[in-house]
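Below: one structure, written as structure tokens.
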Amino acid sequence: MDEKNDQNYVYDNGRKLRKGFTTGTTATAASVAATQILLNQKPLDEIAVQAANGQIAQFNIDSVEFNQEFAKVGIKKDGGDDQDATDGMMVYSRVTLRIDNEITIDGGEGVGRVTQKGLANPPGMAAINPTPRKMIRQSVREILGKKQGADIIISAPEGVEIAKLTYNPKLGIVGGVSILGTSGIVVPMSEESWKHSISIELNIHHEKGEKEIILTPGNYGEDFTRDYLKIPLDKQVQMSNFVGYVLHEVQRIGFEKCLMVGDLGKFIKVSAGIFSTHSKDADARAEVMVANLALLGAPKELLEQVYSCLTTIAMIDLINQAGYQAVYQQIVDKIKYRCEKLLAHRSPRVDFDVVLFSGKDFLASTKKVDELRSDWQ
């Protein structure tokens with residue numbers, strides 16, 4: 001990338017971060033390079049292609065193999081300053097010419113296969129998303145002309161292991177990574193791809209005919225659902241800190257019933273109508289807890305002690321010693337109310353239940369645990 005070109009950078013909290021390129025743009029560059037090498041029978045050191053958003057993307061070519069029958073090019077995926085699992089992964093394209101004018105695109109080693117409905121590609125197809133397929137086909141067509149065709153195989157051998165660090169196993173994509181990208185550009189610190197993955201996972205559940213979904217912020221909520229509540233995880237999705245976004249998606253996709261299981265440290269924010277629970281967006285845990293305790297008539301001394309706590313675990317110790325455990329039920333009921341209010345004016349109506357815990361300890365729920373277990377078995 002051109003270090004002087006400002007379009008190659010994004011600014012986040014005062015930091016200048018370099019943008020990168022998606023696996024889709026990388027695969028497009030490798031395919032274009034391989035096609036040119038095959039036709040000209042000459043190696044290349046670099047290649048420039050157009051990303052899906054129109055920006056010119058330049059790549060160094062890391063490996064070349066060719067003869068009269070095929071050409072195979074490898075390019076290292078450059079994610080810029082984004083903390084992406086596929087950053088630095090080698091993406092290969094192997095191109096062979098056809099006797100007709102058709103261009104076929106498939107996945108090889110390290111590119112996953114779709115096994116479930118609800119994704120951009122149908123089951124059985126390589127996990128090369130529509131935009132990368134379009135860009136590969138369009139870019140190669142410009143080189144081949146209208147009368148020549150080609151078979152293109154995209155591979156990423158490291159993708160077999162890297163996929164374990166991604167959402168692919170949960171999405172029913174087996175055997176490797178996905179070749180992704182809508183704009184073709186990776187924007188550092190972008191949360192959009194993360195949110196998109198959650199939406200895809202929700203959609204897969206709905207495609208199975210499910211009308212009920214369990215939401216947890218992360219692994220702790222997942223563990224508590226399985227180990228304490230004894231509820232199967234087959235209808236569970238992790239929503240991270242994107243509570244408001246995911247709730248709107250739950251309604252948009254068409255779910256009618258939702259169980260939310262979360263730690264007090266995250267969910268206390270939701271009780272106050274804070275639907276992005278990352279600390280960079282809001283951290284009013286002490287203020288919310290003090291307000292709820294005050295409504296229960298807690299003494300000023302306890303309120304001051306709780307307000308000075310740095311963690312909800314420390315708050316819990318003080319609250320339990322003082323005998324104000326009723327505050328947990330008050331908070332969990334408010335979480336249910338806030339979620340229902342958020343979605344109140346659209347269809348379908350979503351019925352909520354909420355379970356609140358800390359560590360491995362149950363705190364409160366909007367319905368008795370035995371009833372929840374019965375409902376969600």
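Odds and ends about this structure:
- Amide H to amide H distances under 5 Å link residue 236 with 214, where only residues 5 or more positions off or on other chains count and H is placed in the peptide plane.
- The range 183-229: chymotrypsin sites (Phe, Trp or Tyr not before Pro) in DSSP loop, at most 16 other beta carbons within 10 Å: 228
- Length gained when the stretch residue 349-residue 283 is fully extended (0.36 nm per residue, less Cα-Cα span): 20.8 nm
- Normalised per residue, the accessible area of the chain is 48 Å², obtained with a 1.4 Å probe and no contribution from ligands, DNA or RNA.
- Residue-span extension gain [residue 248 to residue 330] - 0.36 nm each, minus C-alpha spacing: 27.1 nm
- Linear extension gain, residue 304 paired with residue 106, 0.36 nm per residue minus alpha-carbon span: 65.0 nm
- Principal-axis tilt of helix 326-342 within the chain, Cα atoms, nearest 10 degrees: 50
- For the chain, the fraction of 1.4 Å probe accessible surface lying on carbon and sulfur atoms is 49 percent.
- Between helix 23-40 and the chain: long-axis angle, C-alpha atoms, 0 to 90°, nearest 10: 10
- Cross-linked pairs 235/360; 235/336; 164/195; 266/368; 19/266; 211/336: Cα-Cα separations exceed 23 Å for 19/266.
- In this structure, the amide hydrogen of residue 355, modeled 1.01 Å from its nitrogen in the peptide plane, lies closer than 5 angstrom to those of 260, 261, 262, counting only residues at least 5 positions away or on a different chain.
- By definition, a body whose alpha carbon gyration tensor gives a ≥ b ≥ c is oblate when a/c is 1.5 or more and a/b is not larger than b/c, and the range 217-275 fits this oblate description.
- Helix 130-144 and the longest principal axis of the C-alpha atoms of the chain enclose an angle of approximately 10°.
- Helical contribution to [θ] at 222 nm, DSSP H n ≥ 4, -39,500 (n - 2.57), averaged over the chain, rounded to 500: -11000 deg cm²/dmol
- Here the spin labels are modelled as points 7 Å beyond Cα on the Cα-Cβ line, and at residue 65 and residue 320 they lie 6.0 nm apart.
- Nearby aspartates and glutamates by direct alpha-carbon distance to residue 134 (threshold 13 angstrom, same-chain neighbours under 8 apart not counted): 106, 142
- Under-5 Å amide H pairs with residue 90, H placed in peptide plane, nonlocal only: 77, 158
The values are calculated or read from the model by the stated rules, or taken from the named source; none is laboratory data. Since this is a predicted model, take the numbers as computed values, not measurements. FYI the Cβ positions are ideal-geometry reconstructions off the backbone, even for glycines, and counts take in every protein chain you see. These accessible areas exclude ligands, DNA and RNA; they are computed on the full protein's heavy atoms, side chains included. Shrake-Rupley method; radii C 1.70, N 1.55, O 1.52, S 1.80 Å.
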